[in-house]
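Please read the structure below before turning to the comments.
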Amino acid sequence: MKNGILIMFAVLLISVITFATASSQEDVSYIDTSSFGKTVRGMVPFEHDEHNDNAGLEDCNICHHVYEDGIFMEDESSEDQMCSECHDEDSSGDKPPLRTAFHKNCKGCHLESKAGPVMCGSCHEKN
Amino acid sequence: MNTLYQFVAGPLLWIAFALFIGGSLYKVINLILLTQKKEAYLFCFLSWKWSLRSILHWLTPFGPRNMKLHPAMTVVTFIFHICLLLTPVFLLSHLILLEESINISWWALPDQVADIMTLLIIGACIFFLVRRINSPEVRYVTSASDFVLLAIVAAPFVTGFWAYHQWAGYQPAMILHIVTGEIMLVAIPFTRLSHMLFAVFTRAYIGSEFGGVRHAKDW
């Protein structure tokens with residue numbers, strides 16, 4: 001009986017550890033800035049799933065959007081792509097450059113929905 | 001905080017810019033019209049040559065005699081004015097907001113350089129404050145408004161420095177930074193900060209009179 005409890009406890013412990021590690025690996029904890037040559041401000045912490053739960057976001061393409069000829073494609077999404085595949089660091093015209101695209105995607109939505117951080121240092125960690 | 005940010009960085013900012021630009025235009029046009037009405041004789045001897053001679057002399061560190069007599073003030077005031085003009089206009093964070101808002105941008109100072117320039121401005125403000133209190137000839141012509149003006153100028157830089165370093169109370173510091181910046185912009189045409197607009201006219205007036213009429217130096 002005692003052994004049974006011990007085994008159950010061990011299994012529980014191992015599964016909790018496995019689950020915790022697995023889920024922390026699955027979640028992105030910082031916004032990926034590898035597309036930028038050199039960053040100036042600190043990294044931006046971002047828990048993907050937690051953010052979407054809090055914000056009540058279900059459609060991927062609210063953030064991972066696709067635009068064709070300046071028109072938002074309602075049935076398409078781009079979560080398998082890097083932002084930089086469309087947004088260059090110095091693109092112009094209708095398509096915002098990479099940095100502006102990042103800022104507008106986050107801050108733009110936060111302003112519109114009156115929720116979430118909007119000031120530089122509320123997202124960017126201290127240098 | 002989002003609603004407050006949206007208000008101070010939105011409508012309030014446009015009001016501040018409108019008052020700054022509109023007010024500046026009004027003040028300069030009014031100055032020219034008033035001169036035409038009350039001192040029209042000035043236009044008889046107003047000259048580009050004497051105006052520029054005076055302006056250039058007064059733009060040269062240690063050019064005028066008064067600057068040689070007060071070397072510390074000369075060094076501090078030049079550093080202060082150069083940093084004061086350059087830092088806000090070439091600050092990366094400002095340019096990012098401008099680009100996101102109206103899609104215009106230009107070259108930016110490295111953040112570390114802007115940080116040092118901000119410290120120089122704050123240091124200069126402290127120097128001006130101490131000078132006002134300690135120097136008898138300056139204290140004699142000082143009124144309360146001089147301290148208010150100094151505070152108006154120092155506030156956006158103190159709060160900006162605070163916000164950039166993300167010290168405790170970052171968000172209120174940021175709101176205060178925006179509001180104090182707007183107060184300073186509006187104060188430029190309507191207070192003695194208007195020397196930013198009038199300095200060239202003052203020098204043109206005096207320079208032309210001293211150069212063309214009195215045949216003397218005005219520095």
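Summary table
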{"read-out": "Segments classed as helices (runs of 4 or more DSSP H), wholly inside region B:1-56, with at least 3 members that are away from chain A (no Cβ under 14 Å)", "value": "B:11-38, B:42-45"}
{"read-out": "Filtered residue count, region B:145-176, keeping only those that are within 12 Å of chain A (Cβ to nearest Cβ), of a type in the set (Val, Ile, Thr) and surrounded by fewer than 18 Cβ atoms within 10 Å (Cβ to Cβ)", "value": "0"}
{"read-out": "Residue satisfying all of: in region A:22-32; loosely packed, with under 15 Cβ neighbours inside 10 Å and assigned to a loop (DSSP other than H, G, I, E, B); modelled with the lowest pLDDT among these", "value": "A:ASP27"}
{"read-out": "Set A:GLU47, A:GLU58, A:GLU85, A:GLU68: member being more than 17 Å from the chain's Cα centre (by Cα) and away from every other protein chain (no Cβ under 12 Å)", "value": "A:GLU68"}
{"read-out": "Check on B:THR35, surrounded by 14 or more Cβ atoms within 10 Å (Cβ to Cβ) and modelled with pLDDT under 95", "value": "yes"}
{"read-out": "Residue tally, condition part of a helix (DSSP H, G or I) and either buried (at least 16 other Cβ atoms within 10 Å of the Cβ) or of a type in the set (Ser, Thr, Tyr) (or both), over region B:58-71", "value": "2"}
{"read-out": "Output for region A:52-101, where each listed residue is without any contact (Cβ under 8 Å) to a residue 40 or more places away in the chain, more than 24 Å from A:LYS38 (Cα to Cα) and not in a loop (DSSP other than H, G, I, E, B)", "value": "A:ASN52, A:ASP53, A:ASN54, A:CYS60, A:ASN61, A:TYR67, A:GLU68, A:ILE71, A:PHE72"}
{"read-out": "Qualifying residue in region A:82-96 (condition: of a type in the set (A, V, I, L, M, F, W, C) and surrounded by fewer than 13 Cβ atoms within 10 Å (Cβ to Cβ))", "value": "yes"}
{"read-out": "Flag for B:ILE55 being of a type outside the set (Phe, Trp, Tyr) and open to solvent by less than 40 Å² (accessible area, probe 1.4 Å)", "value": "yes"}
{"read-out": "Residues within region B:72-109 that are among the aliphatic types (A, V, I, L, M), within 14 Å of another protein chain (Cβ to nearest Cβ) and surrounded by 13 or more Cβ atoms within 10 Å (Cβ to Cβ), tallied", "value": "8"}
{"read-out": "Check on A:LYS114, on the phi > 0 side of the Ramachandran plot, without any contact (Cβ under 8 Å) to a residue 60 or more places away in the chain and assigned to a loop (DSSP other than H, G, I, E, B)", "value": "yes"}
{"read-out": "Filtered residues of region A:88-127 (kept if more than 18 Å from the chain's Cα centre (by Cα) and within 7 Å of chain B (Cβ to nearest Cβ))", "value": "A:LYS114, A:LYS126"}
{"read-out": "B:ASP115 over 18 Å from the mean Cα position of the chain (by Cα), open to solvent by less than 30 Å² (accessible area, probe 1.4 Å), more than 22 Å from B:SER194 (Cα to Cα) and not polar (S, T, N, Q)", "value": "no"}
{"read-out": "Qualifying residue in region B:118-127 (condition: over 23 Å from B:TRP14 (Cα atoms), modelled with pLDDT of 95 or more, among the hydroxyl-bearing types (Ser, Thr, Tyr) and crowded, with 17+ Cβ neighbours inside 10 Å)", "value": "yes"}
{"read-out": "Contacts under 8 angstrom Cβ, first residue in region B:182-198 being basic (Lys, Arg), partner at pLDDT 95 or above, 6 or more apart", "value": "B:ARG192/B:SER145; B:ARG192/B:LEU149"}
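To keep it simple, each residue is scored yes or no on (1) within 17 Å of the chain's Cα centre (by Cα); (2) assigned to a helix (DSSP H, G or I).
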position: B:TRP107; (1), (2): no, no
position: B:ILE122; (1), (2): yes, yes
position: B:PHE128; (1), (2): yes, yes
position: B:ARG131; (1), (2): no, yes
position: B:VAL158; (1), (2): yes, yes
position: B:PRO172; (1), (2): no, yes
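The values are calculated or read from the model by the stated rules, or taken from the named source; none is laboratory data. No experiment lies behind these values; they were computed from the predicted model shown. FYI the Cβ positions are ideal-geometry reconstructions off the backbone, even for glycines, and counts take in every protein chain you see. Only protein heavy atoms, including side chains, enter the accessible area calculation; ligands, DNA and RNA are left aside. Shrake-Rupley method; radii C 1.70, N 1.55, O 1.52, S 1.80 Å.
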